[in-house]
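Since the structure comes first, as C-alpha cells, the remarks are kept for the end.
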Amino acid sequence: MNKKYFYLLLLPCFLFLLIFMVIPILVTTLSSFYLDGRITLEGYRSFLTDHYFLNILFRTLRISLLTTTICIILGFPVAYYVSKLNVKLKFIFIAAAVFPLLISPVVRSFSWMAILGREGIFNTLLKKIGIINEPIQFLYTELAIVIGLVHLFLPLMIIALIGVMENIDYDLVKAAQSLGASRFTSFIKIVFPLSVPGLVVGSVLVFVGSLTAYTTPQLLGGSRRVMSTLLYQQSLTLNNWYTASIIATIMIVATFIIIGIMNKIAQKLNPKG
Amino acid sequence: MSLISLEDVTVAYDNKINILEKFNLNVEKGKLISLLGPSGCGKTTTLRLIAGFLEAKAGKFTFKDKNYTNIPVYRRNFGFVFQNYALFPHLNVFENVAFGLKQRKVPKSEIRKRVPEMLELVDLNGFEDRFVTELSGGQRQRVAIARALVINPDLLLFDEPLSNLDANLRIAMRVEIRRIQQELGITSIYVSHDQEECFSISDEVAIMNKGVIEQLDSPSVIYKYPKTEFVARFIGFTNFIDFEVESSENGKLLLNSNHSKFRALKTNDVKVNKSYKGVIRPESIKMKSYIENEKQSENSIKGSIKISTFLGGLHQYVVNTELGEITVNSDREPPYDAGENVILSLPEDKLVLVEKG
Ligand SMILES: Nc1ncnc2c1ncn2[C@@H]1O[C@H](COP(=O)(O)OP(=O)(O)O)[C@@H](O)[C@H]1O
Ligand SMILES: [Mg+2]
C-alpha cells in the first residue's frame, strides 16, 4: 500500500483524541493563565504560597511515591516467580492478578472501610488478641489511602513486570552464577536491570494512577484531601473554576515531570534498555 | 587419578524420565574431551550437571578429589560458554568480561589490566566500549570465551559454542578454541553434534546415545574402530553386514556370512560363534570390473552396480551382492555403468566387527 494512505489508518483515533483530549487540555491549561481579562501567573503564585494547598500537593506526591514504592517491592518477587512458571500456571497467576481489576474501585474502597474502620475487622482482631485496648485510627489516614491504592494498582505493576521478565533469557542468570554471582547477586546485577523497562512502565502507571485517583482517597482519606479531591471540591462544590484549572495544570505538569524522571532513572540503570 | 569423575549419576527434569541413568565419565587434567551425539541424547544435560545448573537425583561428582555434588554453581569456578552466547545485553564488552572478576572482588586496577589481556587473547582488543548488540556472532562468542577464561577457571565447559556461526567462521573459531585451550592447558569439555568439529579439536571423544556413552576414545581410534553399530553409523560407516565369528586366533578373525568366508582384524572384544555387524566405510572398499574365470582373491565378493551417484571427483555406487546392498566409492574414469558386474574386496584391516545395536 502507498505510504501516504497508510497514515489514514491513524486518522479516526487522532481526531477523537484531538477533540476530546488535546483541545480540552489546552483550554484548561490556558485558562489557568488568564484572570480578569489579562494574562498572569497570579493564580500560581497564590496557590504555591498557600500552606493549605501546598500541604495537599505534597501529600498527593508523598502518597503516590509511597504507593509506587510498595507496588515495586511487592510486585517484583511475584512477577519474577510467575515469569518462570510454565505456560499453564503462568496463565492462572496472571488471571488471578488481573481479576481484582474487574471490581470497581468504589466496591473495593467500601471493603477497606469495613476492614479498617474503628469497629472494623482489623481493630476487632487486634483487640481480641489483646495487642490493643482502644481501636487505632486506620481509616481516614494517609495510610488507608496508600493501602487502598496499592490494592488498586498492584496488578498493573505485576503485569508490566511479567511482560519484560518473561523475555529475559534465563541463561543470562546461569552465566552470571557460573561467573561467581550468588542467586541474590545475579538477580540484582542481571534480572533487575533487564526488568527496568517494565519497571518504568509499571511505575508510571501506578504513580500517575495514584496521582489522579479520586474514589479511593475520597472514601478512605476522609478530610485528608489530595489533588483530585481538591479539584473536585474547587470546581463542583465551590464553583471556583479558575483555581481548579490551576490544580489541573499542576497535575499535568507533575505527570510529565515524573515520566521524565523515570526515564532518566531507567537510562542510568540500563543504558541499553 | 582423573580430575573429573561422574559416578553412577542419575538426572531427570521435573522428576520425570531419567535423562541420564547411572552415568559415568572420567576426564584427565589438561585434556579437551568432547561429547558428541545426536540432538536430544543428553549432552547439554551432562554439561549442565557438571556446571552445577542441574542437580543429580543420585550419584556423585568428584572434582580434584573433592566431592562437588552439592557445591553450588557460583562456588565451582568453572567457565561456561553458551550456544547463544548469553552475554549481558545491558553491559558493554569490558563490563561483560569484568563481571566474574568483580564477583571475586579483584581490585579495579587489576581488572583494568586483565580484561584487555583477555580481549587480546581472543583477538578483540579495542572493543571494550562496544555493546553486545553491536557485535557479530563470531565476535560475541569471542567475548563469551574471554568472559569465561578471565576468571582462570578450573574447568571450561562449551555447549555447542559454534553452532550459530556460519561454516567458515566455525572452522576458524574451532582452531582458535583449541589453540587457547592448549596455550592455557585448561581442562575442557566440549559439546557438539558436529562430528568433524569434535574430531578436529579433541583429545578424546565420547559418543553419546540416549543418555549413554557408547564409546570414549581418541578421535582416530573412533574413526577407525567403532565399538557399536550406533557409533559406526554416527561417524559415517554406511555398510552393515551380518557376520558370524568362526574362529579367533592371534588377533585375526575368520568370519562367515551367507557361506562366504571373510577375514578381519580383531579390534573389539568378540566371541566365537556369535553374530555381529561387520562395518566398513564406502571409501575403504576396492572395486574392479568382473572378469570371467579370474581367480578371486580373499575377502572379495561379486556384485552388480545398481545405482550410481556423482559426488564430484568420485562416484558413489550401490552394489547388489549376496551379502546385500553394499555402498562403495570409486574415482575410476570412466565410471561404472548400471548393471555392470564388479568384484568388491573388503581389506581385512578396514572391516570392523561391532555389537549389533
Ligand atoms: N528443561 C527441560 N525440561 C524437560 N526435559 C528436558 C529439558 N531439557 C532437556 N530435556 C530433555 O532431555 C533430553 C536431553 O536433552 P539435552 O541434554 O538438551 O540434549 P542434547 O544437548 O544432547 O541435544 C531431551 O529428551 C530433552 O527433551
Ligand atoms: Mg544441547
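See the values below:
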read-out: Loop trypsin sites (Lys or Arg not before Pro), the range B:68-107, which have at most 15 other Cβ atoms in a 10 Å radius of their Cβ (DSSP); value: B:104, B:105
read-out: Angle in degrees between helix B:93-103 and the longest Cα principal axis of chain B, rounded to the nearest 10; value: 70
read-out: Nitroxide proxy distance, nm - points 7 Å out along Cα→Cβ at residue A:89 and residue B:154; value: 3.3
read-out: Label-point separation, residue B:133 to residue B:26 (7 Å along Cα→Cβ), nm; value: 5.0
read-out: Residue-normalised accessible area of the range A:52-269, given per residue in Å² at a 1.4 Å probe; value: 50
read-out: C-alpha center-to-center spacing [the range A:118-149, the range B:223-280] in angstrom; value: 86
read-out: Cα centre as origin, Lys/Arg/Asp/Glu Cβ charges: the range A:52-269 dipole, Debye; value: 240
read-out: Nearest-20 debye value, the protein assembly as shown charge dipole, Cβ charges on Lys, Arg, Asp, Glu; value: 2220
read-out: Residue with peak Gaussian network fluctuation, chain B [Cα springs, cutoff 10 Å], from B:286, B:108, B:43; value: B:108
read-out: Cα centre as origin, Lys/Arg/Asp/Glu Cβ charges: chain B dipole, Debye; value: 1200
read-out: With every protein chain in place, chain B: carbon and sulfur % of accessible area (1.4 Å); value: 46
read-out: Efficiency of FRET from Cβ geometry, residue B:265 and residue A:74, R₀ 56 Å, rounded to 0.05; value: 0.20
read-out: Most to least accessible of B:190, B:74, B:85 (protein chains only, probe 1.4 Å); value: B:74, B:85, B:190
read-out: Those aspartates and glutamates that a straight Cα-Cα span of less than 17 Å connects to residue A:84, excepting residues fewer than 8 apart in one chain; value: A:166, A:169, A:171, B:14
read-out: Accessible area (Å², per residue) of chain B, counting only protein heavy atoms and a probe of 1.4 Å; value: 47
read-out: Estimated FRET transfer efficiency when R0 is 56 angstrom, pair residue A:46-residue A:103 (beta carbons, to 0.05); value: 0.90
read-out: Cα centroid separation, the range A:13-29 to the range A:198-233 (Å); value: 22
read-out: Inter-label distance, nm, simple model (7 Å from Cα along the C-beta direction), residue A:7/residue B:314; value: 6.6
read-out: Helix B:167-184 vs. chain B, principal-axis angle (Cα, 0 to 90°, nearest 10); value: 70
read-out: B versus A: buried accessible surface, summed, Å² (probe 1.4 Å, to nearest 100); value: 1900
read-out: Averaged over A:167-176, number of beta-carbon atoms from partner chains that fall within 10 Å; value: 6
read-out: Sequence-separation-based contact order of chain A, relative, with Cα cut under 8 Å and 6+ spacing, percent; value: 25
read-out: Rounded percent of accessible protein surface that carbon and sulfur make up, the range A:34-147, 1.4 Å probe; value: 72
read-out: 10 Å Cβ neighbours from other chains, averaged over peptide A:226-232; value: 0
read-out: DSSP H segments from chain A that extend 15 Å or more along their own axis, Cα-based, with Kyte-Doolittle mean of 0.5 or above; value: A:51-83, A:87-98, A:105-116, A:142-165, A:192-212, A:241-269
read-out: The range B:1-70 and the range A:160-192: distance between their alpha carbon centers, rounded to Å; value: 24
read-out: With Cα atoms, 0 to 90° folded angle of helix B:137-149 axis to chain B main axis; value: 70
read-out: Loop-resident sites, the range B:1-109, for GluC sites (Glu not before Pro), counting at most 15 other Cβ within 10 Å (DSSP); value: B:28, B:55
read-out: For chain A, calculated [θ]222 nm from helices alone, where every DSSP H run of n ≥ 4 adds -39500 (n - 2.57); value: -22500 deg cm²/dmol
read-out: Heavy-atom SASA rank of A:81, A:44 (probe 1.4 Å, accessible area, largest first); value: A:81, A:44
read-out: Extreme residue, positive dipole direction of the protein assembly as shown, given options B:254, B:100, A:212 (C-beta unit charges); value: A:212
read-out: Per-residue average of Cβ from other chains inside 10 Å of B:81-90; value: 6
read-out: Sequence of B:266, A:264, B:224 when ordered by accessible area, the most exposed leading, probe 1.4 angstrom; value: A:264, B:224, B:266
read-out: Listed pairs A:189/B:60; A:268/B:113; B:31/B:266; B:252/B:306; B:261/B:286 exceeding 23 Å between Cα atoms; value: A:189/B:60; A:268/B:113; B:31/B:266; B:252/B:306
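The values are calculated or read from the model by the stated rules, or taken from the named source; none is laboratory data. The structure displayed is predicted, hence computed values, not measured ones. So basically every Cβ, Gly included, is an ideal-geometry build from the backbone, and we count neighbours across all protein chains shown. To get the accessible areas, we keep the full protein, side chains included, count just its heavy atoms, and leave off ligands, DNA and RNA. Shrake-Rupley method; radii C 1.70, N 1.55, O 1.52, S 1.80 Å.
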